[in-house]
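**Q** Attaching a single structure in structure tokens format; questions to follow.
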Amino acid sequence: MSNGPEILLCCLLWARDGEAAGLTAYEDRVLTLVPRHGGEVIQRAVGDGAEGRPHEVQLYRFPDAAALDAYVTDPDRVALASDRDRVVARTELFPVALR
């Protein structure tokens, strides 16, 4: 049973200077946890981060807010927080609709 409407999100990620590969490696690890909570990574694109553009763009879906909250607070994800802080300079996360 769902606890509300499906959630579709876009995530933009900027790497700290010299940490583009580290950001990608971190995301490789943490995104494996999404399915554990009923979520799905729809698309993931890696860019060059030049001229202020993000290094990575992700689209994902969760069945509801409870599933998203469970992912965000997953102990395995929380345990990687120091890795994230080391490689990620900025994150923008916002809801989207697919057409």
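**Q** Look through region 7-37, keep the residues that are without any contact (Cβ under 8 Å) to a residue 24 or more places away in the chain and within 11 Å of the chain's Cα centre (by Cα), and return whichever of them is nearest to V78 (Cα to Cα).
**A** That would be T32.
**Q** Might you let me know whether region 16-30 holds any residue that is under 26 Å from L98 (Cα atoms), of a type in the set (S, T, N, Q) and at pLDDT below 95?
**A** For region 16-30, residues under 26 Å from L98 (Cα atoms), of a type in the set (S, T, N, Q) and at pLDDT below 95: absent.
**Q** Something else about it: Any residue at all in region 89-97 that is touching a residue at least 12 places away in the same chain (Cβ under 8 Å), surrounded by 13 or more Cβ atoms within 10 Å (Cβ to Cβ) and assigned to a helix (DSSP H, G or I)?
**A** Looking for residues that are touching a residue at least 12 places away in the same chain (Cβ under 8 Å), surrounded by 13 or more Cβ atoms within 10 Å (Cβ to Cβ) and assigned to a helix (DSSP H, G or I), one finds none in region 89-97, hence no.
**Q** Here are L13, L68, L59: which of them is of a type in the set (A, V, I, L, M, F, W, C), touching a Phe, Trp or Tyr at 6+ places or on another chain (Cβ under 8 Å) and modelled with pLDDT of 95 or more?
**A** Result: L68 is the single residue among L13, L68, L59 that is of a type in the set (A, V, I, L, M, F, W, C), touching a Phe, Trp or Tyr at 6+ places or on another chain (Cβ under 8 Å) and modelled with pLDDT of 95 or more.
**Q** Assuming D83 fulfils every condition listed in (1) under 26 Å from A21 (Cβ atoms); (2) exposed (fewer than 12 other Cβ atoms within 10 Å of the Cβ) apart from one, which condition is it?
**A** D83 satisfies every listed condition except (2).
**Q** Do you know which of the residues in region 39-51 that are surrounded by fewer than 17 Cβ atoms within 10 Å (Cβ to Cβ) and not charged (D, E, K, R) is farthest from the chain's Cα centre (by Cα)?
**A** Checking each candidate, the answer is A50.
Residue by residue, here is whether (1) aliphatic (A, V, I, L, M); (2) in contact with a Ser or Thr (Cβ under 8 Å, 6 or more places away or on another chain) holds:
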{"site": "G4", "(1), (2)": "no, no"}
{"site": "L33", "(1), (2)": "yes, no"}
{"site": "E51", "(1), (2)": "no, no"}
{"site": "H55", "(1), (2)": "no, yes"}
{"site": "F62", "(1), (2)": "no, no"}
{"site": "A79", "(1), (2)": "yes, no"}
{"site": "V87", "(1), (2)": "yes, no"}
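**Q** While we're here: For region 57-88, name all the residues that are outside any helix (DSSP H, G or I) and under 23 Å from E6 (Cα atoms).
**A** If the condition is that a residue be outside any helix (DSSP H, G or I) and under 23 Å from E6 (Cα atoms), then V57, Q58, L59, Y60, R61, F62, P63, D64, T73, D74 are the ones that fit.
**Q** Which of the residues belonging to region 12-28 are surrounded by 14 or more Cβ atoms within 10 Å (Cβ to Cβ) and within 16 Å of A81 (Cβ to Cβ)?
**A** L13, R16, E19, G22, L23, Y26, E27
**Q** Looking at P63, P54 in this structure, which one is crowded, with 16+ Cβ neighbours inside 10 Å, touching a residue at least 24 places away in the same chain (Cβ under 8 Å) and either among the aromatic types (F, W, Y) or within 17 Å of E19 (Cβ to Cβ) (or both)?
**A** P54
The values are calculated or read from the model by the stated rules, or taken from the named source; none is laboratory data. Treat the numbers as computed from the prediction; the structure is a model and nothing was measured. Please note: Cβ atoms are built from the backbone with ideal geometry, for glycine as well, and neighbour counts cover all protein chains shown.
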